[in-house]
Structure formats: structure tokens, C-alpha cells
Amino acid sequence: MTSMSTKTLPERGGTHEQGTAGSERSAGRRHSGLRSAARGRQARAAWALAAPFLALFLAFMLLPVVWSLLMGLTDTKSADLRTPLNVSFVGLDNYVRLFEDPQFFTALRNTAVFVLVALPLTLAAGLAAAVALDRGIRRFRAVFRVGFYLPVITSIVAVAVVWKTLLEPRAGLANLVLGWFGIDGPAWLADTRFALPVMIVMAVWRNLGTVMIIMLAGLQSVPQSLMEAAELDGAGPWQRFWRVTFPLLRPALLLTAVTTGIGYLQFFDEPFVMTDGGPLDSTLSATLYAYKQFGNGNYEMASAAGYVIFVLIVALTVLQFRVLRDKD
């Protein structure tokens, strides 16, 4: 009897352990199911919160981008809006016509001159202003910061109207000041020699504040210990700036070069408000060309021009990243 009872005790204990393990597994499955249900509720809530943005993005961003790409491959005119299914697929013919148009080449040339001249000048002027505020100007520093940055937050249309008024041939302040010195001022915006340079100067003046703020933040992040070590090694002010400070400003320089370059490739408001592309297309930009094509009902040419500008923006950005990115 004793031996039989001793044999049955482990069996009862094993049964108890198996029951405990089974209950733990079932509890684990319940917890896992609860976690899955909670994650499902969170996912549904996230999609519900993101749904308004996604709907707006699809309706006003993605759909227009895809539709404009398709229009650039068809013969869509303004008259085809009521019957969009009657348009014909023409492939790359619109791009061929675009590059056969002398006016488009003029617009590309003006845009290239604007970018190649205004971009370096803006970066140099913004960096010079940042260095002056960081080391040179001690009093009224906040006033100078506001003064440099104020044109950035001012409406470009308002700025263009003010500059157009200042450059009036007869009543403008610029020619009035030149008259004090016996100089007969030109018709700035009606002369093909001066119209585009005037817009370059205005763009540099308006945008150097953004570059200044970013460069100033970069200058203030340079460790002072590096400057002191370079000074102890006998480096002069220019050597310290060029060998120590400037390499550390590469991220800030890259950011400002990319954002400013993208903006300058799309410059539109200045010629639209001040000259309408004249005189003799000397201020016609690529974006203004696309706008005029759209206004004339040539939707296919406007779309093709827009995608050419997009390719130029990508190419300039890639070039800037290759040249200005940190080599390390």
C-alpha cells in the first residue's frame, strides 16, 4: 500500500504543474490578444487622425503633380478642360518644342545668370553680416539683427512695389540722389542693361537675413577652445577663420545654399511685379515663362516647363551636396 501511494504522489504533482503551465500559457495568450487589440485601436486612431491630412495631400498635392506630369505628355489646351478624354498622347514632343523655343532659352539664361550671381553674393553677404554681428558689432546688436532680417518677413510683393517706386526714372529716389551729383540716372527697369542686375541686388538684400541668422548660429557653436588653441599656435585672424571656423560652418553653408538656390531657381515675383519679364525678355525667368504659357492656355507647355525647372532644382541640389557636404 505504501509503495503504491508513493508512486501516485509524483503523478499528482506532475498533473498540478501541467495545469499551472497551461493556465500560464492561456493567460499569456490573453495578454497577447489584449496587446494586439490595443495596437489595433491605436493604429485605427492614428489613421483616423491622419485621414484629413492624407485627403488634402492627395487632393491638392499628389493628384496635381501626377496630373501635370500627364499633361506634359499630351496636347492639353485650355479648351480641353471640358472634354479631357479627347486629348492625345504626344510623348516627349512638348519637351522638344520647349527646347526649340528661343524664348524658353532666354528664360533659362536669365534664370542661370540670376542664380549664379545672386546665390554666391547672398551667401557672402549673409556670412559677412553674421561675422560682423558675432565679433565686430558690440552695441545695438539686436537692432542690427532685426534690421537685417526684416526684409525676409516682409511680403515680396510689397518689397517689389517699393523698389519699383524707388527706381522710377523721374520721381524715384535713386535717380534723385544721383541728380545731386550731376548724374543723369537711367530708366532702371526699362533698360536691358540694368533690369536684371537690379533684381539681383534686391534679391541679395532681401535674403541675406536668412543666411545671416543661420550662419550666426553656426559661428556661435564653434568651440572657443579651438580658436584659443589656433591663436596659441600663431594663427592670425584670417587663418583662424579660414582653417578653423569656416570648415565647421559647412553644415550651415550647405543648408543656406540649398534653400536659397531652390528659391532663386523659382524666382517669379520680382519680374512679375516689376517688369512682367521685360524689357525685351531680359528679366523673363523660367517660372514666369511657365506662368505665361499657362495663362495663354498652353497647359502642356507649362507642365513641361515646370518639370524642366524641377530637374534643374534636383541637379543643383545634388551638386551642392557633393561640393559642400562634410568630407568626414
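The values are calculated or read from the model by the stated rules, or taken from the named source; none is laboratory data. Remember, predicted model here, so these are calculated numbers, not experimental data. Every residue, glycine among them, receives a Cβ derived from its backbone with ideal geometry; neighbour counts consider all protein chains shown. We work out accessible area using only protein heavy atoms, side chains counted, and drop any ligands, DNA or RNA first. Shrake-Rupley method; radii C 1.70, N 1.55, O 1.52, S 1.80 Å.
Side notes on the structure shown:
So that you can scan it fast, the table gives a plain yes or no per residue for (1) more than 21 Å from Val65 (Cβ to Cβ); (2) buried (at least 19 other Cβ atoms within 10 Å of the Cβ):
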| position | (1), (2) |
| --- | --- |
| Leu248 | yes, no |
| Thr256 | yes, yes |
| Thr260 | yes, yes |
| Asp269 | yes, no |
| Val318 | no, no |
| Arg325 | yes, no |
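- Between Leu249, Leu254, the distinction of being over 16 Å from Phe114 (Cβ atoms) and in contact with a Leu (Cβ under 6 Å, 6 or more places away or on another chain) belongs to Leu254 only.
- Qualifying residue in the stretch 169-188 (condition: of a type outside the set (D, E, K, R), open to solvent by 70 Å² or more (accessible area, probe 1.4 Å), in a helix (DSSP H, G or I) and under 24 Å from Phe268 (Cβ atoms)): no
- No other residue among Ala302, Ala230 is modelled with pLDDT under 95 and closer than 29 Å to Arg193 by Cα apart from Ala302.
- Restricting the first member to the stretch 148-171 and to residues that are closer than 12 Å to Val198 by Cβ, and the second to residues that are surrounded by fewer than 16 Cβ atoms within 10 Å (Cβ to Cβ) and aliphatic (A, V, I, L, M), the beta-carbon pairs closer than 6 Å and six or more apart or on different chains are Leu166/Leu173.
- Residue match in the stretch 136-143 (condition: within 23 Å of Ser221 (Cα to Cα), open to solvent by less than 50 Å² (accessible area, probe 1.4 Å) and either of a type in the set (S, T, N, Q) or out of contact with any strand residue (DSSP E or B) (no Cβ under 7 Å at 6 or more places or on another chain) (or both)): yes
- Among residues of the stretch 283-301, those that are out of contact with any Leu (no Cβ under 7 Å at 6 or more places or on another chain) and under 18 Å from Met202 (Cβ atoms), counted: 4
- Within the stretch 227-245, restricting attention to residues that are among the hydrophobic types (A, V, I, L, M, F, W, C), surrounded by 14 or more Cβ atoms within 10 Å (Cβ to Cβ) and not in a loop (DSSP other than H, G, I, E, B), the residue that is farthest from the chain's Cα centre (by Cα) is Ala230.
- Yes/no for Val90 being over 30 Å from Leu216 (Cβ atoms) and either among the small types (Gly, Ala, Ser) or touching a Ser or Thr at 6+ places or on another chain (Cβ under 8 Å) (or both): yes
- Candidates Val87, Val131, Val143, Val96, filtered to the one that is at pLDDT 90 or above and not hydroxyl-bearing (Ser, Thr, Tyr): Val96
- Residues satisfying the criterion are absent from the stretch 119-128 (criterion: of a type in the set (Gly, Ala, Ser), at pLDDT below 90 and over 19 Å from Leu312 (Cα atoms)).
- Condition check for Ala107: in contact (Cβ under 8 Å) with a residue 12 or more places away in the chain, within 24 Å of Tyr289 (Cβ to Cβ), small (Gly, Ala, Ser) and surrounded by fewer than 11 Cβ atoms within 10 Å (Cβ to Cβ): no
- Restricting the first member to the stretch 58-85 and to residues that are touching a residue at least 24 places away in the same chain (Cβ under 8 Å) and open to solvent by less than 60 Å² (accessible area, probe 1.4 Å), and the second to residues that are among the charged types (D, E, K, R) and not in a helix (DSSP H, G or I), no beta-carbon pair is closer than 7 Å while six or more apart or on different chains.
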